[in-house]
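In what follows, a single structure is set out as C-alpha cells and then discussed.
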C-alpha cells in the first residue's frame with residue numbers, strides 16, 4: 001500500500017504537515033514535528049531510490065487519470081537520486097536548525113518559519129518527482145515563494161532587499177518557463193514529459209519550438225544561477241538565516257540543474273540541443289561562470305558571500321557537464337550535484353557555527369578562532385579540501401569525471417578551466433583558513449567556546465560523508481551512470 | 001491586414017509582455033517593479049487563453065446542437081498561474097512594507113546608498 005503510493009506520499013506528507021506546524025504552539029514542538037517529517041521523507045526517498053536503482057521506472061497516475069491526460073509522477077533513477085539529495089539535506093539540516101533558529105528567528109515566528117521550510121521541501125521534492133511540465137512550474141513556484149519568505153527572515157535588513165531581488169528575478173525566470181510551456185502546449189497539445197518527447201521531434205523545424213526552447217533554457221537558467229544570470233544568488237545566500245543558507249545552497253540550485261537536464265534531454269532531446277547554439281552557449285557560460293565567479297569569490301570579505309560565489313562557480317561545472325552532453329559529462333554533472341550538496345552543506349554549517357558564536361560572518365572577525373573552535377575549523381578545512389577537489393574527498397571524484405569528459409572531447413580549454421577553478425578554490429579557501437588558524441585572536445575578548453553539539457553533529461555527518469563518498473564511489477557513480485543511461489536512452 | 005487583425009490577441013500579448021518586462025527592468029521604485037511584473041504575467045495569461053481558442057468553437061459546455069468547443073485546458077492551467085501570480089504579488093508587497101519600515105524608502109537608489117554608507 002505504501003509502496004504503491006510512495007512517490008505521492010513524498011510530496012503529500014510535507015505538504016499536509018506544513019499547515020499543522022503553523023498551528024502548533026511556540027517552542028520546540030514545531031521543530032520536533034518538522035524534524036520527524038523530514039526523517040520520514042528521507043526514509044521514503046531511500047526506499048524509492050532502492051526500487052529504481054536497477055533501471056526500473058515507477059509511474060504513478062494522480063487520481064487514477066491515465067497519462068497523458070492525467071498528471072503522472074514518473075520516477076526513474078534520475079529523479080529518485082535528486083529527491084534523495086533534497087530529502088537527505090533537509091534531514092541533516094533540521095537537527096542543526098534547532099539552536100541556530102532559536103538564536104536567529106524571533107520566537108513567535110518559529111512555527112511559521114518551519115511551515116515555510118516544509119513548503120519549500122514540498123516544492124523541491126515535487127519538482128523532482130513530477131512528470132508533467134505544468135505541474136513542475138507549480139511546484140517550482142511553491143518552492144520559490146517559500147524560499148523568498150525564508151530568506152527575508154535573516155537578521156540584517158539587507159535580507160529583505162535580497163529576498164525582494166530574488167523574488168523579482170525568480171518570478172521572471174518562472175514566467176519565462178511558463179511562456180515556454182505554453183508554446184510547447186500550443187504546438188503539441190500535451191504537457192506530459194514522456195508524451196512530449198515523442199510528439200516534439202515532428203515539430204523541431206518550427207520556429208515556435210525554438211522560441212519555446214529559448215524561453216525555457218533562460219527561465220531555468222535564472223533559477224539555477226547560471227552565469228550571468230546569477231546576480232540574485234550571492235545576496236540571497238549571504239543574508240539568509242544560517243540554516244536556510246545550508247538548505248538552499250545544497251538543494252535549490254541542484255533541483256534547477258535537474259530541471260535543465262530533464263528539459264534538455266527528456267522533453268527536447270540531446271541532438272536537438274546540439275543542433276541549436278545551446279550546446280555551445282552552455283560551454284561558454286559554464287567556462288565563464290567557473291572563472292568569473294571564482295575570481296569574485298577570492299575578493300569577498302564576507303565568508304557566506306565567498307561561499308555563495310563559489311556556489312555559482314560550482315554550478316558552472318555542472319553546466320559544463322551538460323554542455324559536453326556525453327555519458328561522462330552527464331555522470332560528472334549528476335555526481336557533482338550530490339557531492340556539491342555535501343561539501344557546501346558542510347561549509348555553510350561551519351560558517352553558521354561561527355556566526356552562532358560571533359554574530360558576524362565577516363572574515364576579519366574570525367581571526368584566530370580556529371584554535372578556540374577546533375572541531376568547527378577541522379570540518380571547514382576538510383570540506384574545503386573537498387571543494388578544491390583533493391584526492392580522497394568527494395569533490396575529487398566529480399572533478400575527475402568532468403576532466404575525463406573534457407579530455408574525451410579533446411576540449412583542452414574546458415579541462416584547463418576546470419583545473420584553474422580548483423586553483424582559485426585553493427586561494428579563497430586559504431583566505432578562510434589563514435584568518436581562522438594563522439592570525440592571532442584579538443586579546444581583549446574572552447575565549448570563544450566551541451559550537452554546541454547540535455551544530456557539530458550534523459556538520460560532521462556531512463564531513464564524514466564527504467570523505468566516505470571520496471572512497472566509495474559505488475553508490476554515487478553507479479546510480480549516476482544508471483541515470484545517465486536513462487537520460488540518453490530516450491529517442492534521440 | 002487580415003494577418004494583423006487575425007492575430008490581434010497575440011500582438012497585444014507581445015505589447016504587454018514588453019511593456020511589463022521593460023517596467024520591471026527600468027523602474028527604480030519597488031512598487032512600480034511589482035506592477036510591471038504583474039503586467040508581464042498578465043500577458044502570459046492572455047497568451048494561454050488565446051491558445052485555447054478554437055475557430056468557431058463555443059464555450060466548452062456540453063449542449064445540444066453544438067459540436068465544436070474551445071479547449072478548456074489552457075484556461076484551467078492559467079487559473080493556477082493566476083493564483084501563483086496573486087501569491088507572488090502579495091509576498092512582494094509584504095516585503096516592500098518591511099523594506100519601507102527598515103529603510104524608510106521604496107526607491108532602489110536610496111536603499112542602495114543607505115547600504116553602502118554603512
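For residue B:34, indicate whether it is in a helix (DSSP H, G or I), within 28 Å of residue A:160 (Cβ to Cβ) and within 12 Å of chain A (Cβ to nearest Cβ).
Answer is yes for this residue.
Scan the stretch A:197-207 for residues that are surrounded by fewer than 20 Cβ atoms within 10 Å (Cβ to Cβ), part of a helix (DSSP H, G or I) and either touching a residue at least 60 places away in the same chain (Cβ under 8 Å) or within 11 Å of chain B (Cβ to nearest Cβ) (or both) and jot them down.
Matches in the stretch A:197-207: A:197, A:198, A:201.
Out of the stretch A:238-251, which residues are more than 17 Å from residue A:337 (Cβ to Cβ) and out of contact with any strand residue (DSSP E or B) (no Cβ under 9 Å at 6 or more places or on another chain)?
Result: A:239, A:240, A:241, A:242, A:243, A:244, A:245.
Go through the stretch A:254-350 and tell me which helices (runs of 4 or more DSSP H), entirely inside it, have 3 or more residues that are touching a residue at least 24 places away in the same chain (Cβ under 8 Å) and within 30 Å of residue A:461 (Cβ to Cβ). Even if it seems obvious, please write down each step before you answer.
Working: elements: A:270-275, A:278-298, A:303-324.
The qualifying helices (runs of 4 or more DSSP H) are A:278-298, A:303-324.
Somewhere in the stretch B:57-69, is a residue at negative phi and within 11 Å of chain A (Cβ to nearest Cβ)?
For the stretch B:57-69, residues at negative phi and within 11 Å of chain A (Cβ to nearest Cβ): absent.
Identify all residues within the stretch B:96-110 that are free of Cβ contacts under 8 Å to residues at least 60 places away in the same chain and in a helix (DSSP H, G or I); write none if there are none.
First, the residues of the stretch B:96-110 that are free of Cβ contacts under 8 Å to residues at least 60 places away in the same chain: B:97-98, B:100-105, B:110.
Of everything in the stretch B:96-110, those that are free of Cβ contacts under 8 Å to residues at least 60 places away in the same chain and in a helix (DSSP H, G or I) turn out to be B:97, B:98, B:100, B:101, B:102, B:103, B:110.
Restricting attention to the stretch A:49-80, which residues are more than 20 Å from residue A:137 (Cα to Cα) and surrounded by 23 or more Cβ atoms within 10 Å (Cβ to Cβ)?
Once the filter is applied, which keeps residues that are more than 20 Å from residue A:137 (Cα to Cα) and surrounded by 23 or more Cβ atoms within 10 Å (Cβ to Cβ), the stretch A:49-80 yields only A:77.
Sort out which residues of the stretch A:61-78 are in contact with a strand residue (DSSP E or B) (Cβ under 7 Å, 6 or more places away or on another chain) and not in a loop (DSSP other than H, G, I, E, B), and write them in order of number.
Selection gives A:61, A:62, A:72, A:73, A:74, A:75.
Could you pull out the residue among A:226, A:194 that is more than 12 Å from chain B (Cβ to nearest Cβ), crowded, with 22+ Cβ neighbours inside 10 Å and over 21 Å from residue B:48 (Cβ atoms)? Even if it seems obvious, please write down each step before you answer.
Values: A:194 fails: crowded, with 22+ Cβ neighbours inside 10 Å.
Only one candidate passes the filter, namely A:226.
Whether any residue in the stretch A:126-138 is surrounded by 23 or more Cβ atoms within 10 Å (Cβ to Cβ), modelled with pLDDT of 90 or more, touching a strand residue (DSSP E or B) at 6+ places or on another chain (Cβ under 7 Å) and away from chain B (no Cβ under 14 Å) is what I want to check.
Yes, some residue in the stretch A:126-138 is surrounded by 23 or more Cβ atoms within 10 Å (Cβ to Cβ), modelled with pLDDT of 90 or more, touching a strand residue (DSSP E or B) at 6+ places or on another chain (Cβ under 7 Å) and away from chain B (no Cβ under 14 Å).
Looking at the stretch A:155-189 only, could you name the residues that are in a loop (DSSP other than H, G, I, E, B) and at the interface with chain B (Cβ under 10 Å from one of its Cβ atoms)?
Matches in the stretch A:155-189: A:156, A:157, A:189.
Please find, among A:146, A:152, the residue that is more than 7 Å from chain B (Cβ to nearest Cβ) and free of Cβ contacts under 8 Å to residues at least 60 places away in the same chain.
Values: A:152 fails: more than 7 Å from chain B (Cβ to nearest Cβ).
Going through A:146, A:152 in turn, the sole match is A:146.
The conditions are (1) under 16 Å from the mean Cα position of the chain (by Cα); (2) in a helix (DSSP H, G or I), and residue A:230 fails exactly one of them. Which is it?
Checking residue A:230 against (1) under 16 Å from the mean Cα position of the chain (by Cα); (2) in a helix (DSSP H, G or I), the one that fails is (2).
Run residue A:216 past the list (1) surrounded by fewer than 24 Cβ atoms within 10 Å (Cβ to Cβ); (2) more than 12 Å from chain B (Cβ to nearest Cβ); (3) within 21 Å of the chain's Cα centre (by Cα); (4) at pLDDT 90 or above and report the number of the one that doesn't hold.
(1)
Within 9 Å of another protein chain (Cβ to nearest Cβ), under 19 Å from the mean Cα position of the chain (by Cα) and within 21 Å of residue A:155 (Cα to Cα), is that true of residue B:94?
Answer is yes for this residue.
Considering B:27, B:41, which residue is within 11 Å of another protein chain (Cβ to nearest Cβ) and modelled with pLDDT under 90?
B:27
Does residue B:85 meet the test of being in contact (Cβ under 8 Å) with a residue 40 or more places away in the chain, more than 11 Å from chain A (Cβ to nearest Cβ) and in contact with a helix residue (DSSP H, G or I) (Cβ under 7 Å, 6 or more places away or on another chain)?
When the stated conditions are applied, residue B:85 does not pass them.
The values are calculated or read from the model by the stated rules, or taken from the named source; none is laboratory data. If you're wondering where the values come from, they're calculated on a predicted model, not measured in any experiment. Here the Cβ is made from the backbone with ideal geometry for all residues, glycine too, and neighbour counts use every protein chain on show.
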